[in-house]
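Read through the structure below, which is laid out as structure tokens, and then see the notes.
The values are calculated or read from the model by the stated rules, or taken from the named source; none is laboratory data. Quantities reported herein were computed from a predicted structural model and do not represent experimental measurements. Don't worry about glycine lacking a Cβ; one is built from the backbone with ideal geometry, like all the others, and counts go over all protein chains shown.
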Amino acid sequence: MSRLKRADRPYDIVLFGATGFAGELTAEYLAAHAPEGLRWAIAGRNEDKLQRLRERLPGRAEIGILRADVSDPASLRALAEHARVVATTVGPYVRHGEALVAGCADTGADYLDISGEPEFVDLMYVRHDARARETGARLVHACGFDSVPHDLGAYFTVQQLPEGVPLTVDGYVTADATFSGGTFASALGQFARGRQMAAAARERGRHEPRLVGRRAKAPASAPRFAPEVGAWALPLPTIDPQIVCRSARALERYGPDFRYRHYAAVRSLPVAVGGVAAVGALLAAAQVPPARRWLSGRLKPGEGPSAEKRARSWFSVRFVGEGGGRRVFTEVSGGDPGYDETAKMFAEAALALALDDLPPTSGQVTTAVAMGDALIERLRASGIRFRVAAAH
Ligand SMILES: NC(=O)c1ccc[n+]([C@@H]2O[C@H](COP(=O)([O-])OP(=O)(O)OC[C@H]3O[C@@H](n4cnc5c(N)ncnc54)[C@H](OP(=O)(O)O)[C@@H]3O)[C@@H](O)[C@H]2O)c1
């Protein structure tokens, strides 16, 4: 079905923000891995930068260039009209993202991003989900390290457990990596918008249909020692548990009563305490405009970890799933989470939407719902590991 959808448009995939740090890595991945005949283009606000980027890419003669600027909504609508799938890395999304979501929802183009911003995702649901359902557009947020390994890891874990019974899954994240200027700016922006984030979540709650006859929740939890993984577990209030929960709401396979908890796993208590203190200090500083400005000057847009640093980086998400008398331990793991693997997950998700036979979905959907099995298969083939470590 995906293969035929809107085949009359000039491009299968348009990558917007291709000249940024994450965008360039995604463009390089697509150039190296796109199947022959894929019609794709890089897009951004600066044509010279786009030309220079294209010069460096293999298969450059086949790659189109489109100019668009977030301050010009008509240029974003034109991107959507030219593409079957639009993938964007132009963040912070709460500031830059909405017009493109609107354009895709309205023209029926599939949309994906690497946003990890709950406020943005909730507002896009409230404002554009209904229109996207009418046109058949799939709006898939969080297609990077936020939240692909967590969403697909929970989905994979559920598949190892019995059907039709209450299930619990706990996810434990460990990683050794650093971040880019764009990510830092988005995170600081979010830290400063706690009230707006809560208001967007409430508005979403008023619009979202109630789940009838089933339950899916991601409750707040306290730090604790988790003997099942031999580490201190610190609750991680990222977008990931919300995304996992949305997949559970949408898919019957997660059972009649599903609960997910999301943690950072830290080996030693002093490191755990230090981590909590550092995040607390950053949160506090983000509330004070001069401190926020000083912090955001520490890392410039377009900057990020070097190829050498990324080559040494890694991530692992371990899951413990239980239900119906069975307990499974699974793991999703790979290399540099924030950039190399994010570019891979994002590009493979775009390719899946453009090329794979997927379940019919529309509106705001998670990666597990829109393309779960197909994307796991793609990621495994490209080196991200999904494994069952033990089952009892
Ligand atoms: N989910 C995840 O795991 C994950 C991982 C990595 C990054 N991210 C997110 O991805 C986003 C990008 O990060 P990054 O490090 O790649 O940032 P970046 O290097 O600063 O790139 C931002 C991109 O946005 C473009 N842009 C900015 N203003 C624009 C405008 N007015 N019109 C059109 N394009 C505009 C920039 O274009 P120019 O090149 O012309 O300046 C650039 O291409 C951030 O929100 C970050 O949080 C998420």
For this session: Would you please list the contacts, defined by Cβ atoms under 8 Å and residues six or more apart or on different chains, that run from a residue in region 27-46 that is free of Cβ contacts under 8 Å to residues at least 24 places away in the same chain to a residue that is of a type in the set (Asp, Glu) and not in a helix (DSSP H, G or I)?
Result: none
Seminar exercise, completed: Residues in region 308-322 that are closer than 27 Å to GLY189 by Cβ and away from the ligand (no atom under 15 Å from the Cβ) total 0
Exercise. Just checking, which of ALA102, ALA87 is buried (at least 23 other Cβ atoms within 10 Å of the Cβ) and in the same structural domain as LEU139 (by TED's automatic domain parsing)?
Worked result: ALA87
Problem set entry | Out of GLY171, GLY153, sole residue that is within 16 Å of the ligand (Cβ to nearest atom), under 17 Å from VAL328 (Cβ atoms), at pLDDT 95 or above and out of contact with any Pro (no Cβ under 9 Å at 6 or more places or on another chain) | GLY153
Problem set entry | Candidates ASP48, ASP122, ASP69, ASP113 - the one that is acidic (Asp, Glu) and touching a His at 6+ places or on another chain (Cβ under 6 Å) | ASP113
For this session: For ASP129, state whether it is surrounded by fewer than 23 Cβ atoms within 10 Å (Cβ to Cβ), touching a residue at least 24 places away in the same chain (Cβ under 8 Å) and more than 12 Å from the ligand (Cβ to nearest atom).
Result: yes
Problem set entry | Residues satisfying the stated conditions in region 350-376, i.e. under 23 Å from GLN160 (Cβ atoms) and assigned to a helix (DSSP H, G or I) | ALA352, THR367, ALA368, VAL369, ALA370, MET371, GLY372, ASP373, ALA374, LEU375, ILE376
For this session: Give the residue, chosen from LEU57, LEU100, LEU66, that is touching a helix residue (DSSP H, G or I) at 6+ places or on another chain (Cβ under 7 Å) and within 25 Å of MET197 (Cβ to Cβ).
Result: LEU100
Exercise. Given (1) touching a Lys or Arg at 6+ places or on another chain (Cβ under 9 Å); (2) within 16 Å of the ligand (Cβ to nearest atom); (3) farther than 27 Å from GLY97 by Cα; (4) of a type in the set (A, V, I, L, M, F, W, C), where does ALA177 come up short, assuming only one miss?
Worked result: (3)
For this session: Mind listing whichever residues of region 180-202 are within 16 Å of the ligand (Cβ to nearest atom) and basic (Lys, Arg)?
Result: ARG193
Problem set entry | Filtered residue count, region 79-126, keeping only those that are away from the ligand (no atom under 13 Å from the Cβ), closer than 23 Å to LYS5 by Cβ and in a helix (DSSP H, G or I) | 11
Exercise. Which one of these is surrounded by 14 or more Cβ atoms within 10 Å (Cβ to Cβ) and in contact (Cβ under 8 Å) with a residue 12 or more places away in the chain: ALA226, ALA222?
Worked result: ALA226
For this session: Would you mind finding the one in SER362, SER333, SER268 that is modelled with pLDDT of 90 or more, more than 30 Å from ALA32 (Cβ to Cβ) and hydroxyl-bearing (Ser, Thr, Tyr)?
Result: SER362
Exercise. Quick check: anything in region 13-33 surrounded by fewer than 18 Cβ atoms within 10 Å (Cβ to Cβ) and either in contact with a Gly (Cβ under 9 Å, 6 or more places away or on another chain) or closer than 26 Å to ALA187 by Cα (or both)?
Worked result: yes
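So that you can scan it fast, the table gives a plain yes or no per residue for (1) modelled with pLDDT of 95 or more; (2) of a type in the set (Ser, Thr, Tyr); (3) in contact with a helix residue (DSSP H, G or I) (Cβ under 8 Å, 6 or more places away or on another chain):
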| site | (1), (2), (3) |
| --- | --- |
| ALA7 | no, no, no |
| LEU15 | yes, no, yes |
| GLY23 | yes, no, no |
| GLU28 | yes, no, yes |
| ARG52 | yes, no, no |
| ALA105 | yes, no, yes |
For this session: Kindly indicate whether any position in region 29-43 is within 19 Å of the chain's Cα centre (by Cα), in the same structural domain as ALA137 (by TED's automatic domain parsing), among the aromatic types (Phe, Trp, Tyr) and within 12 Å of the ligand (Cβ to nearest atom).
Result: no
